Amino acid sequence: MGSGQSGIEMVTTASRQLRTLAAPIARVRIIPRSRSALRRNLRRWWFHGCIAHLVCPWQIAGKSCSYILTTLLWLQMQGVLRGGNMRICGVQISGSTANLAVVSSSDAGGVTYHPCHTKKITLEDEKSGDSLRAFLKAITAFAHENQVEGFSIKQRASGGQRGAGGPSFKVEALVQLVPDIPTYFANPVALSKFAKTNVAGLPNGLQNYLADSYRSGAFQLKKLGAI
């Protein structure tokens, strides 16, 4: 980038290069920050669908746009940016067990199911701190191994005769505690309506007990505009 370029020209040039380097870029946001915040702010980004949003720790001047490109290349090398196919893990909680189904958006605009070796994780003892930590460790490892970018939990009633028990809400809270991965919730009524659409059809080979997990994940992909 030439030193005589204006800030707008630099951003335009950077945007063109970003499109070449990765998926189509919707916007690049640059927020003025001190150099001391570099390491902390390089991780402040998110990617879903075809939108990449990177936060640069410096103002639009000098080498700032170059640092955006450098950051993107680093993320690509780490396998963080994988194109527009976002991965969501649908979760249906039954008692103290989380049933898991990983789905992603396909290039054709549909849903792709990713069968995983681990399909359920159980909280063995809700009153044991060691058991709680073991569950969190297991669900975190599962998310990293399967490149999960978000959890979508089917909501359960919290009161009344059909209300879910205490262990299920502990499981829900532990899923929410997985670092750096957002948790979404699928309303049962909305999920029921979604199940009647063409995109919610169940794939061959999916176990019956994973149907709600699969649909919860697919529902969130639809909600995010990924399918």
> For segment 86-115, what are the residues that are surrounded by 17 or more Cβ atoms within 10 Å (Cβ to Cβ), at pLDDT below 95 and in a loop (DSSP other than H, G, I, E, B)?
Replying inline: Met86
> Give me the pairs: first residue in segment 84-107 and on the phi > 0 side of the Ramachandran plot, second residue of a type in the set (Ser, Thr, Tyr), beta-carbon distance under 8 Å, and six or more apart or on different chains, which are they?
Replying inline: Gly95/Ser168
> Just a yes or no: is a residue in segment 123-138 exposed (fewer than 15 other Cβ atoms within 10 Å of the Cβ) and aliphatic (A, V, I, L, M)?
Replying inline: no
> If you check Tyr184, Tyr209, Tyr214, which single one turns out to be touching a Pro at 6+ places or on another chain (Cβ under 8 Å), aromatic (Phe, Trp, Tyr), assigned by TED's automatic domain parsing to the domain that holds Asn99 and in contact (Cβ under 8 Å) with a residue 24 or more places away in the chain?
Replying inline: Tyr214
>> For the condition among the hydrophobic types (A, V, I, L, M, F, W, C), at pLDDT 95 or above and out of contact with any His (no Cβ under 8 Å at 6 or more places or on another chain), what is the one hit in Ala200, Ala134?
In response: Ala134
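The values are calculated or read from the model by the stated rules, or taken from the named source; none is laboratory data. The model shown is predicted, which means the values in this text are computed figures rather than measured ones. Positions of Cβ are backbone-derived with ideal geometry, glycine not excepted, and every protein chain shown enters the neighbour counts.
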